Structures are given as structure tokens and as C-alpha cells.
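Participant: Let me begin by handing over the structure; questions about it come next.
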Amino acid sequence: MGEAYKLDCDSCVFTKNIFVGFGFSYMSLESIASFVQDTVLKRRIGEFIGNPSTRNDAYDALYVCPVCQAIRNELFIEMISDSSQYKISYACPRCASVMEQEHIENNVPAHLSCPACEKGKLKATFYMDWD
Ligand SMILES: [Zn+2]
Ligand SMILES: [Zn+2]
């Protein structure tokens, strides 16, 4: 089950809804491959599906740029087989730095700086479960 949060800045009007966690459609690599848009990732998933030793982990995650604080809400996916491994990474849309995954919890200060005003802090508020 995934969770949806609303991020709000404590000093400007920035707000963003994000989805984190494990959805029903992430149960199998076949189903992930069916909604992934990126053709390179789709092909990589296909290679791992063909290998019976593959183990995988996939969920929606919050990514934050360590340099400019930009935020992306993206699919985390990691696949490991006897012969190869793959872990997704995302580049910052503003400065191209490698983004880091952040975990958030309801009403716990996220220690995230606001990507809009840069001086405010973001607070996460849980608003629904999804699957
Ligand atoms: Zn950045
Ligand atoms: Zn702000």
C-alpha cells in the first residue's frame, strides 16, 4: 500500500502532492514494464524478466537534489540477478546533479528545503492511502 502526502512550505505558497510506497501494479516486473515510459528502462526490465534468478524492489519515492533542493516524485526500481544488476538513478531537472532518495513521514519535519523560495522548510501531511 502506498501513501500520498502533501508537501507545504512554511514560508511561501509552494505545495506539491507526492506519492510514495508500494502500489498494486508493482507486484511484478511484467506489470511495471507495462506502464514504464522510458524505453531503455523497459528493455532492461525485459532482460531481467528473462532471468529466473532476478529479485527486484520497486516503489514510488521522493527524490531531492542535494545541491539545489529540486524535488521529483519517481519510481524507484532495483533488480538483481546472478549475472547483472540495475538500480535506477535520477538527475536533477535544474542542475543535473544525481538526486537522493528521501523518506518522509506524517507530521515529522522532512528536513527538506523549499525548492521555490529556498529558505522555507517543507512539511509533509499524509492525506490518503493508494494502491
Ligand atoms: Zn539540482
Ligand atoms: Zn517556500
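The values are calculated or read from the model by the stated rules, or taken from the named source; none is laboratory data. Since the structure is predicted, the reported quantities are computational estimates derived from the model, not experimental observations. Cβ: placed from backbone, ideal geometry, glycine included. Neighbour counts: every protein chain shown. For accessibility, only protein heavy atoms count, side chains too; no ligands or nucleic acids. Shrake-Rupley method; radii C 1.70, N 1.55, O 1.52, S 1.80 Å.
Participant: Looking only at residues that are surrounded by 15 or more Cβ atoms within 10 Å (Cβ to Cβ) and in contact (Cβ under 8 Å) with a residue 40 or more places away in the chain in the range 87-102, which one is nearest to Asn51 (Cα to Cα)?
Facilitator: Across the range 87-102, the extreme among qualifying residues is Ile88.
Participant: Could you pull out the residue among Thr39, Thr15 that is among the polar types (S, T, N, Q), within 16 Å of ligand 2 (Cβ to nearest atom) and open to solvent by 60 Å² or more (accessible area, probe 1.4 Å)?
Facilitator: Going through Thr39, Thr15 in turn, the sole match is Thr15.
Participant: Looking only at the range 81-131, filter to residues that are among the polar types (S, T, N, Q) and part of a loop (DSSP other than H, G, I, E, B); which one of those is farthest from ligand 1 (Cβ to nearest atom)?
Facilitator: Initial filter on the range 81-131 (among the polar types (S, T, N, Q)): 81, 83-85, 89, 97, 101, 106-107, 113, 125.
With part of a loop (DSSP other than H, G, I, E, B) added as a condition, the list becomes 81, 83-84, 89, 97, 106-107.
Details: Ser81: 32, Ser83: 34, Ser84: 29, Ser89: 14, Ser97: 5, Asn106: 26, Asn107: 27 Å.
Out of the qualifying residues, it is Ser83.
Participant: Checking Gly21 against (1) under 19 Å from Trp130 (Cα atoms); (2) of a type in the set (Gly, Ala, Ser); (3) at pLDDT 95 or above, which test does it fail?
Facilitator: Only one criterion is unmet by Gly21, namely (3).
Participant: For the condition open to solvent by less than 50 Å² (accessible area, probe 1.4 Å), within 16 Å of ligand 2 (Cβ to nearest atom) and assigned to a strand (DSSP E or B), what is the one hit in Asp8, Asp60?
Facilitator: Asp8
Participant: A further question follows. Can you tell me which of Glu74, Glu30, Glu78 is in a helix (DSSP H, G or I) and either open to solvent by 30 Å² or more (accessible area, probe 1.4 Å) or touching a strand residue (DSSP E or B) at 6+ places or on another chain (Cβ under 6 Å) (or both)? Let's see the steps before the verdict.
Facilitator: Working: Glu74 fails: in a helix (DSSP H, G or I); Glu78 fails: in a helix (DSSP H, G or I).
Selected residue: Glu30, the only one of Glu74, Glu30, Glu78 that is in a helix (DSSP H, G or I) and either open to solvent by 30 Å² or more (accessible area, probe 1.4 Å) or touching a strand residue (DSSP E or B) at 6+ places or on another chain (Cβ under 6 Å) (or both).
Participant: With the structure loaded, tell me whether Ile45 is modelled with pLDDT of 95 or more and either open to solvent by less than 20 Å² (accessible area, probe 1.4 Å) or of a type in the set (Ser, Thr, Tyr) (or both) or whether it fails that test. Write out each step before concluding.
Facilitator: Values: modelled with pLDDT of 95 or more: yes; either open to solvent by less than 20 Å² (accessible area, probe 1.4 Å) or of a type in the set (Ser, Thr, Tyr) (or both): yes.
Taking the combined requirement at face value, the residue satisfies it.
Conditions tested, residue by residue: (1) at pLDDT below 95; (2) open to solvent by less than 70 Å² (accessible area, probe 1.4 Å); (3) among the β-branched types (Val, Ile, Thr).
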| site | (1), (2), (3) |
| --- | --- |
| Pro66 | yes, yes, no |
| Gln85 | no, no, no |
| Ile104 | yes, yes, yes |
| Asn107 | yes, no, no |
| His111 | yes, no, no |
| Thr125 | yes, yes, yes |
